[in-house]
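Single-structure report; data block below.
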Amino acid sequence: EEGRALVVVYDWERDAAEAVVRLDLHDAEGNARGIGGLAWDQAREVLWVAANPPQKAAHDADDELRALAYGLSALSAHRFDGRSAPRLVLFSPIAHEDLGTPDLPDGSENNRRLRLYTRAMAEVASARDVFFVDLFTPSGALYAAAQAPLTMQGVHLTADGNRQIAEV
């Protein structure tokens, strides 16, 4: 139902502690707002949570997963409508598409990290009783079956890529 869901995006470009404190929330119009200052004109029953994959070295991954776990707990405890906690839906990142060009990476190393991150996200979601949507696995299958690229630069979905992912 329109107006009943909100997209929450963690920005892992910041350090993990700040990512917990300053969750980036985007309303239906795409306006970014912090969790504490978001004015609600109607109750939000569902939060769609997309956590961008960590860009840091592997030794920081545990900190970032702890930040994700803490963030999910904070979101599920927040009463945006003043009465009840929202249901959370956590989405994994998509796979990196190999566009077969020497100008861009083939994505194999990135996909190795993304596969591990997706598994860890699923574990965090399960431990917090959060519904988890694995987009990594089906996006890889879509890329393999596609007649034309579904991404730009291997990581940003095209209009057709968005349409196909939405149908997963």
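The values are calculated or read from the model by the stated rules, or taken from the named source; none is laboratory data. Just so you know, these numbers come straight off a predicted model, no measurement behind them. A quick note on method: Cβ atoms are made from the backbone with ideal geometry, for glycine too, and the neighbour counts reach across all protein chains shown. With ligands, DNA and RNA removed, areas are computed over all heavy atoms of the protein, side chains included. Shrake-Rupley method; radii C 1.70, N 1.55, O 1.52, S 1.80 Å.
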* Taking the condition of a type in the set (Ser, Thr, Tyr) and either at pLDDT 95 or above or at positive phi (or both), does Thr118 pass? -> no
* To do: Report, ordered by the first and then the second residue, all pairs with beta carbons closer than 7 Å, sequence separation of six or more or different chains, a first member in the range 81-94 that is hydroxyl-bearing (Ser, Thr, Tyr), and a second member that is open to solvent by less than 60 Å² (accessible area, probe 1.4 Å).
  => Ser92/Thr118; Ser92/Met121; Ser92/Val133; Ser92/Asp134; Ser92/Leu135; Ser92/Phe136
* Flag if Glu64 is at pLDDT below 75, in contact with a Phe, Trp or Tyr (Cβ under 9 Å, 6 or more places away or on another chain) and in a helix (DSSP H, G or I) -> yes
* Answer residue from the range 116-145, given it is out of contact with any helix residue (DSSP H, G or I) (no Cβ under 8 Å at 6 or more places or on another chain) and open to solvent by less than 40 Å² (accessible area, probe 1.4 Å) and is farthest from Leu88 (Cα to Cα) among those -> Tyr143
* In the list Arg83, Arg113, which residue meets the criterion of being of a type in the set (Lys, Arg) and surrounded by 13 or more Cβ atoms within 10 Å (Cβ to Cβ)? -> Arg113
* Asked: Condition test on Glu64, is it of a type in the set (D, E, K, R), under 25 Å from Leu47 (Cα atoms) and surrounded by 14 or more Cβ atoms within 10 Å (Cβ to Cβ)?
  -> yes
* Within the range 89-110, work out how many residues are closer than 23 Å to Ala159 by Cα, open to solvent by 30 Å² or more (accessible area, probe 1.4 Å) and of a type in the set (Gly, Ala, Ser). => 1
* Asked: Residues of the range 105-137 being more than 18 Å from Gly161 (Cβ to Cβ), more than 14 Å from the chain's Cα centre (by Cα) and part of a helix (DSSP H, G or I), which ones?
  -> Ser108, Glu109, Arg112, Arg113, Leu116, Glu123, Ser126, Ala127
* To do: Give me the pairs, please: first residue somewhere in the range 46-72 and farther than 19 Å from Ser126 by Cβ, second residue anywhere and at pLDDT 75 or above and open to solvent by less than 30 Å² (accessible area, probe 1.4 Å), beta-carbon distance under 8 Å, and either six or more positions apart or on two chains.
  => Asn52/Pro93; Pro54/Tyr117
* Does the range 128-136 contain any residue that is at negative phi, without any contact (Cβ under 8 Å) to a residue 24 or more places away in the chain and of a type in the set (D, E, K, R)? -> no
